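**Q** Pasting a structure here, questions to come.
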Number of protein chains: 2
Amino acid sequence: MLQLDTRKRTVLRAVVEEHIRSAEPVGSHHAAVREHLRVSPATIRSEMAELEELGLLTHPHTSAGRVPTDLGYRVYVDALLESEPLPAADRESVRRRMTTTAGSPGDTAELAAQALASVARYPSVVVASGGRRQFFRSLHIVPLGDGRALAVIATGSGTLHGKTMRLPEGANASDLERLSRAVTHQLQGCRVDDLSPARLEEALREITRFRRWFEEIRSLVLADLAGRMRPQIRVEGARHLLDEPEFSRPERVTGLFEVLEDEALLAEALSGPPTEGVWITIGTENRRSELQRCSVVSAAFRIGDGAGGTVALFGPTRMRYRRAVAAVRYVAGRLSQAMRASF
Amino acid sequence: MLQLDTRKRTVLRAVVEEHIRSAEPVGSHHAAVREHLRVSPATIRSEMAELEELGLLTHPHTSAGRVPTDLGYRVYVDALLESEPLPAADRESVRRRMTTTAGSPGDTAELAAQALASVARYPSVVVASGGRRQFFRSLHIVPLGDGRALAVIATGSGTLHGKTMRLPEGANASDLERLSRAVTHQLQGCRVDDLSPARLEEALREITRFRRWFEEIRSLVLADLAGRMRPQIRVEGARHLLDEPEFSRPERVTGLFEVLEDEALLAEALSGPPTEGVWITIGTENRRSELQRCSVVSAAFRIGDGAGGTVALFGPTRMRYRRAVAAVRYVAGRLSQAMRASF
DNA sequence: CGCTGGCACTCCAGGTCTGAGAGTGCCAGC
DNA sequence: GCTGGCACTCTCAGACCTGGAGTGCCAGCG
């Protein structure tokens, strides 16, 4: 990639960081630029002109200061951004918010998203990719005593899914017990993903004795379980976008809000390479036109049995990347722990 | 309340409806044209002056048209707003969106909120007041076979809550069976609300045999169940606010977003009289300063066993009340049905 | 007596103009 | 290669003007 000499790197970093701070074009004799370099504004100007030549900076108009291009941010993020840990106070804040009585994956995701938005002051998205990759552990059918029963499926991660069902005439406790055991035996270890109607039909074929319950079990497993296992997406702190000067005009922000409120669009925007580290998409690197003025900082998290998800922050391309990266990384880490703990 | 003669009512209605449509102050000429009044603008002007005297209209400045005051909207809503049914296409749209595989109360609330926001084109809030008013139905502890067990609580509405627990040494299936039955017997019929630590302690005192499991059960019932039973709030379509001219300046809308993203503030804003009908709060009738430029159209819904919630739309005081009322009423109705059906 | 058209008045929205300020590019000199 | 100087450009904010929309008031009319 681009090779920049030390001074150009310093100038680029200064322009990016000062612009992130002030939201204004950065002039050549700005204090921030001159701080570390003992050279005159005229020298800086020629450096800036060359950085512009390279496509890293640009000009709103002839006599304005410089603003980073998307490519400029890209170089900054890849080569100039030294990572920092999240400040202790923020770590504490995240930890406190996330340890409130963990509930369903959706609740955990919601808490994480709130914590992230609150420390980063950007809209946050947490996708808990459900349990489609989890495995079926057991089915238990428990009589409730009034001709109805409770059917409960446990999955690998220990989450439960179930509903009440009406029992066929003449069913007794030991029937239920045997049916539960048979279905558990047949399906144990299957990934929820693989529980297609055909697969299920085959698995249940053996259990001819309980043929008449087939429909009940089938709907429980397919509709109910698969339905609840779909990815949970939580968005929090969208309001922070309104604090950013680039989004002060509504027409600039409305498209972005549409993405944040549409699960399908979000999923698409976050379908970057599933990496271990923090992934950043800048401005026009995003496919959708609504996101071309935005950056997305995201990180995947993964827990033992294949469930996992994504943590992300949305902001203007003029985003506080350092802080955003630290926050996303920390929350992704906590989230892995929290989800592991809820086994 | 205020008695207005027919012509004043007509003029007030014309001003309100035209202002809702155009978002501009309404001049005497427009009002006359709109209502096909066979009087001259000068006459309308004197009527308007009197309506202003009464506090129903106001003037942005000397030579502008009239705009309704909060009181003006109040009179309009109470006395001049004839209700209409939701258009068939919108009813169909709501029905289609809400019949997607019903899941947890939170999911149902989310679908309802999405449907409502989409037909009304305003931010919607659906509060499913959890099950704190539901009653405890049964506890079942089911062995999983590896020294762990599944503890499941069923409530009156048929929803399940549970988690895996580690079994004490030497527990056998019949112990579990007996413990389950004992706890069920003790707590059956209690409202989840009433399951305070003290109440629980007392209920479990009898079961001395299982003393050593007390903590496990206690944490399951109190932390887990009560935690998951807390009200579910879903907000959808906040982006629609940005389409409203009164919210084009960010400083006007940022406070409102804070309310929409804060469950406590939302709960406060929606804590109006729990009525059967549609409830409207206009502008300064709202307590919180963030909502003084907004109106809230809400309706309660209730299902068999005391669970229920609230459906609401947020908008500018210049809201399309007729449509909002129709949408809120219809969605509240569907929601009652959907929740009853998920028994 | 209520309604009406006419009229003077007010105020805003939007346009042009201007000067100050910030920043640039270029260049000659060190 | 760096620097200060200089001419140039462009924006932004304020001042000023004007057209238009709307009002309030009033005298006259049915």
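**Q** Being within 30 Å of residue B:336 (Cα to Cα) and modelled with pLDDT under 75 is the requirement here; does residue B:147 meet it? Outline the logic, then answer.
**A** Working: within 30 Å of residue B:336 (Cα to Cα): no; modelled with pLDDT under 75: yes.
For residue B:147, the condition - within 30 Å of residue B:336 (Cα to Cα) and modelled with pLDDT under 75 - is not met.
**Q** Considering only residues of region B:15-48 that are more than 14 Å from residue B:65 (Cβ to Cβ) and near DNA strand C (Cβ under 10 Å from one of its atoms), which is surrounded by the fewest Cβ atoms within 10 Å (Cβ to Cβ)? Reasoning before the result, please.
**A** Our first condition is that a residue be more than 14 Å from residue B:65 (Cβ to Cβ); within region B:15-48, this holds for B:35-40, B:42-43, B:46.
Remaining after also requiring near DNA strand C (Cβ under 10 Å from one of its atoms): B:37-40, B:42-43, B:46.
On the way: B:37: 17, B:38: 7, B:39: 14, B:40: 11, B:42: 10, B:43: 15, B:46: 11.
Among residues in region B:15-48 that are more than 14 Å from residue B:65 (Cβ to Cβ) and near DNA strand C (Cβ under 10 Å from one of its atoms), the one surrounded by the fewest Cβ atoms within 10 Å (Cβ to Cβ) is B:38.
**Q** Could you list, in sequence order, the residues of region B:81-94 that are surrounded by 13 or more Cβ atoms within 10 Å (Cβ to Cβ) and either part of a helix (DSSP H, G or I) or within 16 Å of DNA strand C (Cβ to nearest atom) (or both)?
**A** Within region B:81-94, the subset surrounded by 13 or more Cβ atoms within 10 Å (Cβ to Cβ) is B:81, B:86-87, B:90-91, B:93-94.
Selection gives B:90, B:91, B:93, B:94.
**Q** Which condition breaks for residue B:71 when tested against (1) free of Cβ contacts under 8 Å to residues at least 24 places away in the same chain; (2) more than 25 Å from residue B:284 (Cα to Cα)?
**A** For residue B:71, the failing item is (2).
**Q** Considering only residues that are within 6 Å of DNA strand D (Cβ to nearest atom) and surrounded by 15 or more Cβ atoms within 10 Å (Cβ to Cβ), which ones fall in region B:49-66? Break it down stepwise before answering.
**A** From region B:49-66, those within 6 Å of DNA strand D (Cβ to nearest atom) are B:49, B:63-66; that's our starting set.
B:65, B:66, listed by residue number.
**Q** Limited to region B:205-245, what total is found for residues that are at pLDDT 90 or above and either of a type in the set (Phe, Trp, Tyr) or assigned to a helix (DSSP H, G or I) (or both)?
**A** First pass over region B:205-245, keeping only residues at pLDDT 90 or above: B:233-245.
Then keep just the ones that are either of a type in the set (Phe, Trp, Tyr) or assigned to a helix (DSSP H, G or I) (or both); that gives B:238-243, B:245.
So the count comes out to 7.
**Q** A follow-up question, please. Scan (1) crowded, with 19+ Cβ neighbours inside 10 Å; (2) within 15 Å of residue B:8 (Cα to Cα); (3) within 15 Å of DNA strand C (Cβ to nearest atom) for the single condition residue B:72 breaks and write down its number.
**A** (3)
**Q** Just checking, which of A:127, A:119 is touching a residue at least 24 places away in the same chain (Cβ under 8 Å), β-branched (Val, Ile, Thr) and not in a helix (DSSP H, G or I)?
**A** Numbers: A:119 fails: not in a helix (DSSP H, G or I).
After applying the criteria, what remains is A:127.
Listed here are the residues, each with its yes/no results for (1) under 21 Å from residue A:68 (Cβ atoms); (2) within 14 Å of another protein chain (Cβ to nearest Cβ).
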residue: A:256; (1), (2): yes, yes
residue: A:260; (1), (2): no, yes
residue: A:263; (1), (2): no, yes
residue: A:268; (1), (2): no, no
residue: A:291; (1), (2): yes, no
residue: A:296; (1), (2): yes, no
residue: A:311; (1), (2): no, no
residue: A:315; (1), (2): yes, no
residue: A:334; (1), (2): no, no
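**Q** In this structure, does residue A:78 turn out to be surrounded by fewer than 18 Cβ atoms within 10 Å (Cβ to Cβ), more than 14 Å from DNA strand D (Cβ to nearest atom), within 26 Å of residue A:245 (Cα to Cα) and in contact (Cβ under 8 Å) with a residue 12 or more places away in the chain? Working first, answer last.
**A** Values: surrounded by fewer than 18 Cβ atoms within 10 Å (Cβ to Cβ): yes; more than 14 Å from DNA strand D (Cβ to nearest atom): yes; within 26 Å of residue A:245 (Cα to Cα): yes; in contact (Cβ under 8 Å) with a residue 12 or more places away in the chain: yes.
The answer is yes for residue A:78.
The values are calculated or read from the model by the stated rules, or taken from the named source; none is laboratory data. These numbers come from a predicted model, not from an experiment. We place every Cβ from the backbone using ideal geometry, glycine too, and count neighbours over all the protein chains shown.
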